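Scroll down for the structure; my scribbles are underneath it.
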Amino acid sequence: MTWKSVGETNLDRALETELRMRLGIAQAANQAGQMLVRKTQVGMRASAVPSNPGGYSGIRTGKLVNSIDYEVEGDRFLRFGSRGAIERGFDYAIAQHEGTNRMAARPYLSNAVETSKVAVQALIGRTVFQKLVGGI
């Protein structure tokens, strides 16, 4: 027969709750990353060429829109941005997002984050809650 003290039972519950929360956060981060990529790509596809300053970048070659991606690192980080949109040593993604001395910025990533804040917060809350009450 195995005996457990009340303290050990509470510790087990606390550890299980922490695990559920971490799993919920990691799952929510993946879903939020997917949401941000979709939001950016839809915004870019709807934009005219040439695009308006302050808006989403328009699509000419597809290289920039196809470089939009995200990466999740456990339950700690969600990285969202452009990868590999470099033409002849020129970082096209940064030039579009931040602007240059000849072109106003088209902050396509910031636009997606800004317009998705409420939806991402709701997604995180809902996902973590479901993991906490529904188990692993």
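General remarks:
- Close pairs (7 angstrom Cβ cut-off, 6 or more residues apart or separate chains): without any contact (Cβ under 8 Å) to a residue 24 or more places away in the chain in segment 106-118, part of a helix (DSSP H, G or I) anywhere: none
- Checking every residue in segment 42-65 against the condition of being within 30 Å of PHE129 (Cα to Cα) and of a type in the set (A, V, I, L, M, F, W, C) gives at least one match.
- Residue that is farthest from the chain's Cα centre (by Cα), among those in segment 107-136 that are among the charged types (D, E, K, R) and either more than 30 Å from ASN52 (Cα to Cα) or assigned to a loop (DSSP other than H, G, I, E, B) (or both): LYS131
- Search result, residues across segment 42-79 that are farther than 15 Å from ALA95 by Cα, small (Gly, Ala, Ser) and assigned to a loop (DSSP other than H, G, I, E, B): SER47, ALA48, GLY62, GLY74
No value in this document is a laboratory result; all are computed from the given coordinates. Being a predicted model, the structure only gives us computed values, none of them experimental. Cβ: placed from backbone, ideal geometry, glycine included. Neighbour counts: every protein chain shown.
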